[in-house]
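Just below is one structure, and these are the notes that go with it.
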Amino acid sequence: MAAPQPKMPPSAAELSCKAAIVGVGETDFAADYRAWRARGPGFEAPEVEGLAACAFERALEDSGLARSEIDGLSVSFLYGGPTAPEVAQMLGLKPRYMIDNGGIMAGPLPVACAAVASGECDTIAMVYAVTPRSLARKFGGEPMAGTAAPPSYYYFHPWGWSSQAAHWAYIWRYYQNEFGATEADLGAVAIQLRNNAIMNSNAIMQTPLSIEDYLASRYIVRPLRLLDLCLVNDGGVCLIVRRADRTRHLRHAPVLVAGWGESKVRSKKMHTLVRERLAPQIQEAGDQAFSMAGMGVSHVQHFECYDAATIHLIGQFEGFGFAAPGEGLEFCKAGGMAVGGRMPVNTAGGMLSGAYMHGWNHVAEITKQLRHEATGRQIEGVEISLFSLAQTDQVHPILFKRGVA
Amino acid sequence: MNCGEILWPVVKACEHCGRDALEWRRMSGRGQVVSWCTFDHDYYRGLLPVPYDTIMVELEEGPLFVSNPAGFTAEVIEFRKPVRLAFLTCEDAAGEFELPVFEADSGPRKALADVVVQSENQ
């Protein structure tokens with residue numbers, strides 16, 4: 001079982017830009033996915049230990065730091081894995097600060113930044129790995145033995161309403177009725193993210209997608225199709241986060257963590273999710289993050305969004321005000337979400353076409369973009385990126401800023 | 001005194017005022033379909049034959065109630081279709097139970113709509 005998530009540190013201005021991402025490592029999402037699909041002779045299903053070690057070694061190499069400089073460790077194994085002390089031993093680290101911190105992105109990063117800001121460690125390796133594909137993890141139906149499921153997964157079992165996708169399906173049906181949007185309109189999101197993925201060699205999906213392909217893809221929970229829902233794959237990501245005052249003269253420009261927020265739905269969960277697309281939570285958590293960072297939404301030049309589903313991306317995009325309610329799909333169709341568009345979104349392909357790494361992939365992409373090293377898909381001159389993690393009942397944005405190299 | 005908030009699904013304490021002195025209250029059983037979806041993917045591994053429909057009903061009293069349509073399918077649903085409560089006898093490991101579902105409501109609400117249309121035509 002994943003460890004419970006520690007409390008988020010406050011969205012306090014004095015914690016803004018006190019820590020920066022100085023190293024990033026990812027496993028071979030695309031190659032590993034192809035290997036799993038082929039499962040040829042000698043194929044061995046990956047395990048989180050190996051994925052975590054691979055991501056860590058790459059991040060350490062990327063940072064240019066010595067192993068001995070890593071004095072903090074945060075581990076996030078969403079579907080189970082070794083403890084932080086076990087990982088420290090495996091990676092040859094002697095951290096003075098260690099934490100087992102849930103799994104999904106947004107929570108662990110602010111906690112790590114606060115640990116760095118308070119002097120508990122100077123340089124923390126944040127390691128995440130999951131193997132939902134090898135575990136044949138289900139995302140609906142009867143809860144899997146020994147796993148915690150959000151309440152919305154079991155409240156409605158008697159009526160067969162259970163799955164992540166069903167949440168987004170209700171949202172999309174409601175949205176269609178509210179704004180007169182069509183299925184082809186929604187397909188534009190899947191196509192845009194596929195186009196983005198094609199510019200990222202580590203993205204799992206590399207085949208161009210037409211609207212005909214989209215409309216021919218099978219329904220999972222109607223009105224949502226396979227291509228409206230995120231991938232399921234095995235992989236790991238590691239981020240190395242360091243005291244911001246010790247990031248000069250490193251190998252890459254530091255990526256400062258400027259602000260964060262957290263807002264959980266406190267009442268009328270289904271109403272807030274389906275009819276408001278979490279707008280009150282996006283507003284509240286967004287205000288916290290922007291206020292902490294001393295910025296406004298107009299400063300954002302790049303948006304990485306937790307794209308569990310096409311329509312969920314649109315809900316967050318509109319919720320932050322990048323388009324008016326009901327206008328997000330038109331914005332996408334007009335090319336506004338492409339690199340070079342008015343607000344580039346999920347430039348590495350997101351979870352829909354890139355890799356399902358629970359938001360860690362989005363933060364890895366922000367790191368590359370703000371370093372100006374996103375080869376083949378670089379947003380020109382980008383200085384500020386926003387990451388939004390929205391689950392069915394909570395929203396956690398994080399703001400990032402390019403630091404001085 | 002409680003705040004009178006009507007809560008569904010079941011919660012431990014009122015989401016509005018925080019009090020835990022909750023009581024069951026009978027609803028009118030009438031509402032409107034405000035969203036719906038059809039499960040094509042077999043999440044329940046054959047337990048529930050796919051495809052099957054689920055609906056989100058806005059009860060007359062306000063709360064949203066996830067349920068199944070009875071006697072009609074997703075193909076004929078229009079936004080805000082009026083529905084009324086019905087019960088479907090089911091059985092699981094704990095024994096027989098009555099599952100609240102919703103059937104098309106062609107009662108007084110439809111008549112009211114008819115009156116409005118007539119007055120517009122005059």
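The values are calculated or read from the model by the stated rules, or taken from the named source; none is laboratory data. Note that the structure is a prediction, hence the values are computed from the model and not measured. Here Cβ is always computed from backbone atoms with ideal geometry, including for glycine, and neighbour counts include all displayed protein chains. Quick note on the areas: whole protein, heavy atoms, side chains included, nothing else; ligands and nucleic acids left out. Shrake-Rupley method; radii C 1.70, N 1.55, O 1.52, S 1.80 Å.
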Inset, instruction - Treating the Cα atoms of the stretch A:45-110 as identical point scatterers in vacuum, please give the log10 of the normalised Debye intensity I(q)/I(0) at q = 0.12, 0.17, 0.18, 0.22 Å⁻¹, two decimals. - result: -0.29, -0.60, -0.68, -1.02
Legend entry - Calculated [θ] (222 nm, deg cm²/dmol) that DSSP helices of n ≥ 4 give over chain A, each run adding -39,500 (n - 2.57): -9500 deg cm²/dmol
Legend entry - Contact surface A-B: accessible area buried, both sides summed, square angstrom, 1.4 angstrom probe: 2900 Å²
Inset, instruction - Could you look at chain A and say what percent of its accessible area is carbon and sulfur, using a 1.4 Å probe and all protein chains? - result: 51 percent
Inset, instruction - Can you tell me what the convex hull of the Cα atoms of the stretch B:1-59 projects to on average, as an area in nm²? - result: 5.9 nm²
Legend entry - q = 0.13, 0.25 Å⁻¹, the stretch A:16-63: log10 I(q)/I(0) [Debye, one scatterer per Cα]: -0.42, -0.93
Inset, instruction - Give the Rg/Rh ratio for chain A, taking Rg as the radius of gyration of the Cα atoms and Rh as the Kirkwood radius, to two decimals. - result: 0.94
Inset, instruction - Among A:Gln288, A:Ile379, A:Ala323, flag the residue with its Cα farthest along the positive direction of the charge dipole of the protein assembly as shown, charges on Cβ as +1 for Lys/Arg and -1 for Asp/Glu. - result: A:Ile379
Legend entry - Residue range of chain B that is longest and free of chymotrypsin sites (Phe, Trp or Tyr not before Pro) which are both DSSP loop and sparsely packed (at most 16 other C-beta within 10 Å): B:25-71
Inset, instruction - Please build a GNM for chain B, connecting alpha carbons under 10 Å apart, and tell me which residue among B:Glu58, B:Glu78, B:Glu96 fluctuates the most. - result: B:Glu96
Inset, instruction - Could you please tell me the mean projected area of the C-alpha convex hull for the stretch A:1-142, averaged over all directions and given in square nanometres to one decimal? - result: 10.1 nm²
Inset, instruction - May I ask you to give the solvent-accessible area per residue for chain A, in square angstrom, as obtained with a 1.4 angstrom probe? - result: 36 Å²
Inset, instruction - Excluding B:Arg45 itself, calculate the net charge of residues whose Cβ lies under 11 Å from the Cβ of B:Arg45, where each Lys or Arg counts +1 and each Asp or Glu counts -1. - result: -1
Legend entry - Label-point separation in nm, A:Glu380 to A:Ile211, each point 7 Å along Cα→Cβ: 2.9 nm
Legend entry - Dipole moment magnitude, nearest 20 debye, the protein assembly as shown about Cα centre, only Lys, Arg, Asp, Glu C-beta charged: 800 debye
Inset, instruction - For the stretch A:188-347, just run the numbers: alpha carbon Rg, then divide by 2.2 N^0.38 Å, N being how many residues it has. - result: 1.16
Legend entry - Base-10 log of normalised Debye intensity for the stretch A:166-261 (one unit scatterer per alpha-carbon) at q = 0.17, 0.21, 0.22, 0.25 Å⁻¹: -0.88, -1.07, -1.12, -1.28
Inset, instruction - Place the peptides A:390-398, A:376-384, A:68-76 in order of packing, highest mean first, counting for every residue the other Cβ atoms within 10 Å and averaging per peptide. - result: A:390-398, A:68-76, A:376-384
Legend entry - DSSP-defined antiparallel bridges as percent of all bridges, chain A, nearest 5: 70 percent
Legend entry - chain B - Kirkwood radius from inverse mean 1/r over Cα pairs (Å): 16.8 Å
Inset, instruction - Could you work out the relative contact order of chain B, using alpha carbon pairs under 8 angstrom and six or more residues apart, expressed as a whole percent? - result: 20 percent
Inset, instruction - Using only C-alpha positions, report the orientation-averaged shadow area of the convex hull of the stretch A:111-243, nm², one decimal. - result: 11.9 nm²
Inset, instruction - Report the dimensions of the stretch A:337-405 along its three principal axes from the alpha-carbon atoms, largest first, rounded to Å. - result: 36, 25, 22
Inset, instruction - Determine the equivalent ellipsoid of the stretch A:269-405 by diagonalising the alpha-carbon gyration tensor, then write out the semi-axes as square roots of 5 times the eigenvalues, largest first, rounded to whole Å. - result: 22, 17, 14
Legend entry - chain A, relative contact order in percent, only Cα pairs under 8 angstrom and at least six apart counted: 23 percent
